[in-house]
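Chemist: There's a structure below that I have some questions on.
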């Protein structure tokens, strides 16, 4: 199996779990956060939904410079909007991954803020990091939802809620 085929398989599998988590974000809790230093559910869920766009950005550019492209998240105000946004970004990432080739994945991609370089990695490594970011932030969202006493769906098997524990 090629690197691209492996990435596509994992991207599709992780999307299923991500959909389950994003779909249960309650519309009346978008401004809630568990701590003053934490993101709101809106910010966290929006970030999770946008992360598939990093696949598109990775295969179509040589990097991201925050000094030239400041972060500007879309405004999400409901779970329906959140799910539509995730599906759009996931579809775009999938299509770009399907169109790329192994040679492109070997090229370097740089994340920076002006002269400060945060990372310089192969595009394949950036895609792997993107998947890790999705899983990391999805787990973070799970903690938020647990604190709100919302039953959590399983990720890689049944959750305690699904098992009736």
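Quick note: the coordinates plus some simple rules give every number you see, no bench work behind them. Note that the structure is predicted; figures quoted are calculated from it, not measured. All Cβ positions, glycine included, derive from the backbone under ideal geometry; neighbour counts span all protein chains shown.
Chemist: Suppose we keep just the DSSP beta bridges with both residues in the chain; what percent of those would be antiparallel, to 5?
Modeler: Within the chain, antiparallel bridges account for around 65 percent of the total.
Chemist: Which entry in (1) 18.8, 53; (2) 16.6, 52; (3) 21.7, 72 is this structure's computed Rg and Dmax of the Cα atoms in Å?
Modeler: Label (2) holds the value from this structure.
Chemist: Run through the DSSP bridge list for the stretch 34-123 and note the antiparallel percent, rounded to the nearest 5.
Modeler: 65
Chemist: Could you line up 147, 8 from fewest to most neighbouring Cβ atoms inside 10 Å?
Modeler: So the residues, fewest neighbours to most, are 147, 8.
Chemist: Also, I was wondering about something else. Report, in deg cm²/dmol and to the nearest 500, the calculated mean residue ellipticity at 222 nm for the chain, where each DSSP H run with n ≥ 4 adds -39500 (n - 2.57) and the sum is divided by the residue count.
Modeler: -17500 deg cm²/dmol
Chemist: Got a sec? Which residues in the stretch 105-125 would a label at residue 62 touch, if it sits 7 Å along Cα→Cβ and we count backbone N under 13 Å?
Modeler: 107-111
Chemist: Report Rg (one decimal) and Dmax (nearest whole number) for the stretch 54-122, counting Cα atoms only, units Å.
Modeler: Expressed in Å, the Cα Rg and Dmax of the stretch 54-122 come to 14.3, 40.
Chemist: Let me ask something else. Tell me the angle of helix 79-99 to the major Cα principal axis of the chain, expressed in degrees between 0 and 90 and rounded to the nearest ten.
Modeler: Roughly 30 degrees, rounded to the nearest 10.
Chemist: Now for a separate question. Where is the GNM fluctuation largest for the chain (alpha-carbon springs, 10 angstrom cutoff): 44, 111, 145?
Modeler: Answer for the Gaussian network model of the chain: 111.
Chemist: Against the 2.2 N^0.38 Å scaling, with N counting residues, where does the stretch 70-162 land? I'd like the Cα-based Rg ratio to two decimal places.
Modeler: Relative to the rule-of-thumb radius for its length, the stretch 70-162 sits at 1.37.
Chemist: Using R₀ = 30 Å, calculate the FRET efficiency as 1/(1 + (r/R₀)^6) where r is the Cβ-Cβ separation of residue 80 and residue 163; round to 0.05.
Modeler: My answer for the efficiency is 0.55.
Chemist: Fewest first, what order do 104, 55, 76 take by the number of other Cβ atoms within 10 Å?
Modeler: Ascending number of Cβ neighbours within 10 Å: 104, 76, 55.
Chemist: While we're on this one: What is the gain in length, in nm to one decimal, between residue 71 and residue 12 on full extension, counting 0.36 nm per residue of separation less the C-alpha to C-alpha distance?
Modeler: 18.6 nm
Chemist: Pick from 63, 154, 114 the residue whose mean-square fluctuation is largest in a GNM of the chain, springs joining Cα atoms under 10 Å.
Modeler: Highest fluctuation among the options: 114.
Chemist: Hey, with R₀ at 25 Å, roughly what FRET efficiency would residue 95 and residue 3 work out to, going by the Cβ-Cβ distance, to 0.05?
Modeler: It comes to 0.90.
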